[in-house]
Ligand code: GTP
Ligand code: MG
């Protein structure tokens with residue numbers, strides 16, 4: 001059974017630029033319900049754990065430094081087809097290739113400082129949500 005949840009985090013560049021509110025507004029207007037949300041900061045080690053799948057990539061160390069450089073806003077979101085629809089809403093990894101009207105087209109600075117993360121599968125959405133939220137309150 002596919003879940004109807006995905007995981008996201010607003011990345012340090014977007015948080016420090018004061019774009020969290022605008023991004024959350026776009027997420028809600030696109031029909032996603034916020035299940036869990038907080039503001040926190042990763043250590044380089046925790047960032048490395050989160051992005052362990054990219055360990056062998058040349059940009060891994062830079063990515064861990066960047067992701068621990070400031071506050072982030074992780075969220076669990078709910079909607080039908082959450083994972084796929086959210087990836088569409090955020091746009092391509094490199095903002096230069098992102099479609100008009102996507103979050104990355106509007107707010108990302110570069111392929112690295114690209115404003116927002118979105119899970120790439122239902123399985124990873126659950127793993128990543130659990131990484132940040134030990135307990136989810138039901139409302
Ligand atoms: P996430 O939603 O953050 O997982 O992005 P993604 O799924 O669109 O891309 P991917 O998982 O391939 O890469 C993870 C993150 O690593 C990206 O969002 C970027 O922040 C960073 N990244 C990816 N490719 C590059 C690159 O070529 N150079 C640099 N410096 N960073 C990169
Ligand atoms: Mg990814």
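Here, each number is a calculation from the coordinates, and none is a lab measurement. For clarity, every value in this text was computed on a predicted model and none was experimentally measured. Note that we place each Cβ from the backbone using ideal geometry, even for glycine, and neighbour counts take in every protein chain shown.
Compute the separation of the alpha-carbon centres of the range 111-139 and the range 13-69 and state it in Å as a whole number.
For the range 111-139 versus the range 13-69, the Cα centre distance is 9 Å.
Which value in deg cm²/dmol, rounded to the nearest 500, describes the helix-derived mean residue ellipticity at 222 nm for the chain, given -39,500 (n - 2.57) per DSSP H run of n ≥ 4 and division by the residue count?
Calculated at 222 nm, the ellipticity per residue is -10500 deg cm²/dmol.
In what order do 60, 66 fall by count of nearby beta-carbon atoms within 10 Å, going from fewest to most?
Fewest-to-most ranking of 60, 66: 60, 66.
For an R0 of 22 angstrom, estimate the FRET efficiency from the Cβ-Cβ distance between residue 78 and residue 17 and round to the nearest 0.05.
0.25
Taking the Cβ-Cβ separation of residue 97 and residue 55 as r and a Förster radius of 41 Å, what is the calculated FRET efficiency to the nearest 0.05?
With a Förster radius of 41 Å, E is 0.95.
Please arrange 26, 75 by how many other C-beta atoms lie within 10 Å of their C-beta, fewest to most.
26, 75
Neighbour counts of other C-beta atoms within 10 Å: give me 54, 117 arranged from fewest to most.
54, 117
Using the Cα atoms of the chain, I'd like the radius of gyration and the largest Cα-Cα distance, Dmax, both in angstrom.
Cα-based Rg and Dmax for the chain come out at 14.0, 42 Å.
Using 1/(1 + (r/R0)^6) with R0 = 22 angstrom and r between the beta carbons of residue 87 and residue 62, what's the FRET efficiency to the nearest 0.05?
Efficiency, rounded to the nearest 0.05: 0.45.
Residues of the range 90-111 with amide nitrogen under 13 Å from the 7 Å Cα-to-Cβ point of residue 124?
93
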